[in-house]
Amino acid sequence: MPAELSPMDKAKFASARRAVDFIEDGMRVGLGTGSTAAWMVRCLGERVREEGLNIIGVPTSTRTAELAREVGIKVVSLEEAKWLDLTIDGADEFDPELNLIKGGGAALLQEKIVATASDRMIVISDASKEVAHLGAFPLPVEVTPFGWPVTRTLIEEVLSSMDVLGRETTVRMDGDTPLITDEGNHIIDCHLNKIGNPRQLALALNQIAGVVESGLFIDICDMVIIGDTEGRVEVR
Ligand code: 5RP
């Protein structure tokens, strides 16, 4: 473990380091986005350099692609890799069924495409992301720039008929303008506090024409590795 880590980084590092043990020589691996996933990429880079592992990495954002190259991981596109053995990524929340909210780092679309093109998805996390019910973290929804205010209104209409505790939406900004994702879209954050039926909400949001994807990952994650501030891990 690197010296002088904050307690939170210790937890993130511990989960990331354990997840990298699941990577075997010759695997095609989806590389997630965010601070926890960045630890995983660094740990994998170390194994590639020290053990000479032959790994193909498919990054889920331009940030992750840059880091992966920097640490010596061979990076290809999903088109080239075609299918992946394993994806390892962080999450903003996970519930007892291992359903997730993702997209805090605005990379949810590539993250979901990569995770669902993988035999397995492992989520790496510190204990703060574990919840009984999803929804305290604002749910990101990626929308097309074309007509996005109309899409936002339609999202709010859908929310009004759903089992959620809050219904406010905000547009994710980058300075004075709506943030633009790696796929050229915007993000609407939905402040729901508690989501009664995440599966139903995910399906309803995906019915709206301007919605590209939501940050609800239902039945996608196979395992969560939770790190603690002492550097211990628990596997779920
Ligand atoms: C990015 C994500 C991240 O995985 C999520 O936001 C967790 O990030 P971090 O590990 O920095 O807490 O979904 O879109």
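The values are calculated or read from the model by the stated rules, or taken from the named source; none is laboratory data. The structure displayed is predicted, hence computed values, not measured ones. Positions of Cβ are backbone-derived with ideal geometry, glycine not excepted, and every protein chain shown enters the neighbour counts. Calculation scope for accessible area: heavy atoms of the full protein, side chains included, ligands and nucleic acids excluded. Shrake-Rupley method; radii C 1.70, N 1.55, O 1.52, S 1.80 Å.
Under 12 Å between alpha carbons, and skipping anything fewer than 8 positions from LYS112 in its own chain: which aspartates and glutamates qualify?
ASP89, GLU142, GLU213, ASP219
Tell me the net charge near ILE155. Cut-off is 14 Å between Cβ atoms, ILE155 excluded, with +1 for each Lys or Arg and -1 for each Asp or Glu. Could the numbers behind the result be given before it?
Working: positive: ARG152, ARG167, ARG172; negative: GLU142, GLU156, GLU157, GLU168, ASP189, GLU213.
With Lys, Arg at +1 and Asp, Glu at -1, the net is -3.
Is the shape of region 1-150 best called rounded, prolate or oblate, per the rule: a/c under 1.5 gives rounded, else a/b larger than b/c gives prolate, else oblate, with a ≥ b ≥ c the square roots of the Cα gyration tensor eigenvalues?
Since a/c reaches 1.5 but b/c is at least a/b, the shape of region 1-150 is classed as oblate.
Let a ≥ b ≥ c be the square roots of the eigenvalues of the Cα gyration tensor of region 73-192; is it rounded (a/c under 1.5), or, if not, prolate (a/b larger than b/c) or oblate?
oblate
Add -39500 (n - 2.57) for each DSSP H run of 4 or more in the chain, then divide by its residues: what number comes out at 222 nm, to the nearest 500 deg cm²/dmol?
Taking each H run of at least 4 residues, the total per residue is -9500 deg cm²/dmol.
Any chance you could run the full-extension gain for THR62 through ASP163? It's 0.36 nm times the residue separation minus the Cα-Cα distance, nm to one decimal. Mind dumping the intermediate values first?
Values: separation 101, 0.36 × 101 = 36.36 nm, distance 3.54 nm.
Additional length available on full extension: 32.8 nm.
For a test of the definition: using alpha carbon positions, the gyration tensor, and the 1.5 limit on a/c, classify region 116-163 as rounded, prolate or oblate. The partial results should precede the final answer.
Details: a/c = 2.65, a/b = 1.58, b/c = 1.68.
Cα axes put region 116-163 in the oblate bin.
Please compute the length gained on full extension between VAL171 and LYS194, using 0.36 nm multiplied by the number of residues separating them and subtracting their Cα-Cα distance.
Using 0.36 nm per residue and subtracting the Cα-Cα distance, I get 6.3 nm.
In degrees from 0 to 90, rounded to the nearest 10, what is the angle of the helix 35-51 Cα long axis to the longest principal axis of the chain?
20
Filter the trypsin sites (Lys or Arg not before Pro) in region 70-113 down to the DSSP loop ones having no more than 13 other Cβ atoms within 10 Å, then list what survives.
Sparse-neighbourhood loop trypsin sites (Lys or Arg not before Pro): LYS82.
Find, among the GluC sites (Glu not before Pro) in region 14-56, those assigned to loop by DSSP (not H, G, I, E, B) with at most 16 other beta-carbon atoms within 10 angstrom.
Here the GluC sites (Glu not before Pro) that fit, given the DSSP loop and packing criteria, are GLU24.
Carbon-plus-sulfur fraction of the accessible area of region 159-236, 1.4 Å probe, in percent?
Carbon plus sulfur share of accessible area: 44 percent.
For LYS74, list the lysines whose Cα falls under 17 Å from its own Cα; do not include residues on the same chain fewer than 8 positions away.
Of all the lysines, those that pass the test against LYS74 - Cα under 17 Å, at least 8 places apart if same chain - are LYS82.
Compute the acute angle (0 to 90°) between the alpha-carbon long axis of helix 148-160 and the principal axis of greatest extent of the alpha-carbon atoms of the chain; round to the nearest 10°.
Approximately 80 degrees, to the nearest ten.
Given a cut-off of under 8 Å on Cα pairs at least six residues apart, what relative contact order in percent is computed for region 1-119?
27
Give me the distance between the Cα centres of region 165-214 and region 58-109, rounded to whole Å.
19
Using a 10 angstrom Cβ neighbour count of at most 14 plus a DSSP loop assignment to flag exposed chymotrypsin sites (Phe, Trp or Tyr not before Pro), which longest range of the chain is free of such sites?
147-236
Can you give me the accessible area per residue for region 1-102, using a 1.4 Å probe, in Å²? Intermediate values should be presented prior to the final figure.
Details: 4550 Å² over 102 residues.
It amounts to 45 Å² per residue over region 1-102.
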